[in-house]
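A quick write-up on the structure given underneath.
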Amino acid sequence: SCVGVLLESHVSFHTWPVEGVITLDLFTCGPNSLLPSVGTVKRLFAVPQPGAGTYRPPPSSEGGGTMGDGPPPSSSLSYAPREEDYVPPPHVLWSHVLRGFRPPLEGGGYRVLENDVTDIVLSRLDLDHKVEVASVRSEYQHISVYDVIEPRFGSTRQYERSVRPELGDTYEGRHPELFRPDRKVFLDGVVQSSRHGDEAYHEALVHPGMFAHPHPERVAVIGGGEGATLREILKHRTVDHVKMIEIDEVMVNVSREFLPDWSDCSDLMTGSASADESSCFDDPRAEILFEDALGWFMDRFDYPPCDCDDDNSSLSGPERAHCKCDGEEEEDDAKDGDDDEEEEEEEEEDSSSDDEEDNIN
């Protein structure tokens, strides 16, 4: 074991040479994140064994050699890879957490690392696989994409077999789509969607409204930079045109590169110009506008702006409903209550006059 201390910061190592295990704890009171150091720690301390990531045949009984003395699998026609002959590469588990207290941000809100991304990904030490796929700062937000494997649903070993056909004919190699990591998307640290659940979420978001309309032809999407909402809308054959208004062009570019499954329209039999145009963003029925959606709608509808400091009594109809200000709903409710009381009084007067008539008769 070894410990190094510098003012309030420290680094410590603990090793178990026989098991080939090393643990490292790094703590700092500095203002910068330690996430960039994860790659450096892996490079310096995750030292692979010779032949890591390959199968080594057992020693020949005739040669009496040791493990690894036999020919490699590529040069042996009789050798069939066995799981016990596999030399695993270093397996790194890491966790990043924030300790102590930080001053609140001006204007409120939370820091990126104080949101879901830490609880769901960064702080968890039980994830069998955790890799940062993308970290991009746009003009409007910070976009983070991570690949993770929950030990309950898979393992790094299964994933490795699914992407390396040279390891032999395996079930994972024949069905790699079943063993991919779960890809998670975060905006400013807040979770948006994931590969395992993307379809269910966006199908429930889109199709009830689409089926409620007898013949949807023109659809507008506010936001939708991942492309999944657009994908579900384009499944409806009655749709002629979809206008997607997304303020952040960087988000769409990140989706194209790192989230292709979210905007994959290759399985649509009709509606696309050709089977080669697999991205829903390129569908001829889709029009992508990179501007503020609220401003886009306000510029195209005739509802006047609402100034709650002025008198809006001159407005009527839908324009009046559009310009409801704080407190007006309570006034309307109170007015409705007064109307109900007046109706009850009128009914009572009518009943009393009926009684008088009965008495006269």
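Taking all protein chains as they are arranged and a probe of 1.4 Å, the heavy atoms of residue 233 leave approximately 10 Å² accessible to solvent. Residues 262, 16, sorted by accessible area with the largest first, give 16, 262 [1.4 Å probe; ligands and nucleic acids excluded]. Accessible-area rank, largest first, for 56, 285: 56, 285, with all protein chains present and a 1.4 angstrom probe. Here residue 8 and residue 119 are evaluated by their C-beta separation; at R0 = 35 Å the FRET efficiency comes out at 0.90.
Give me the net charge of residue 196's neighbourhood, meaning all other residues with Cβ under 13 Å from the Cβ of residue 196; Lys, Arg count +1, Asp, Glu -1. So the surrounding residues net to -2. Each residue, residue 238 and residue 111, gets one label point 7 Å from its Cα in the Cβ direction; the gap between the two is 5.1 nm. Restricting region 173-281 to GluC sites (Glu not before Pro) that sit in a DSSP loop and have at most 16 other Cβ atoms within 10 Å of their own Cβ leaves 217, 277.
Estimated from the Cβ-Cβ distance and a Förster radius of 22 angstrom, the FRET efficiency linking residue 139 and residue 300 is about 0.40.
Per residue, how much accessible area does region 72-143 show when a 1.4 Å probe rolls over the protein heavy atoms, in square angstrom?
66 Å²
The values are calculated or read from the model by the stated rules, or taken from the named source; none is laboratory data. The structure displayed is predicted, hence computed values, not measured ones. Cβ atoms come from the backbone with ideal geometry, glycine included; neighbour counts cover every protein chain shown. The protein model used for the area step is the full one, side chains on, heavy atoms only, and it has no ligands, DNA or RNA in it. Shrake-Rupley method; radii C 1.70, N 1.55, O 1.52, S 1.80 Å.
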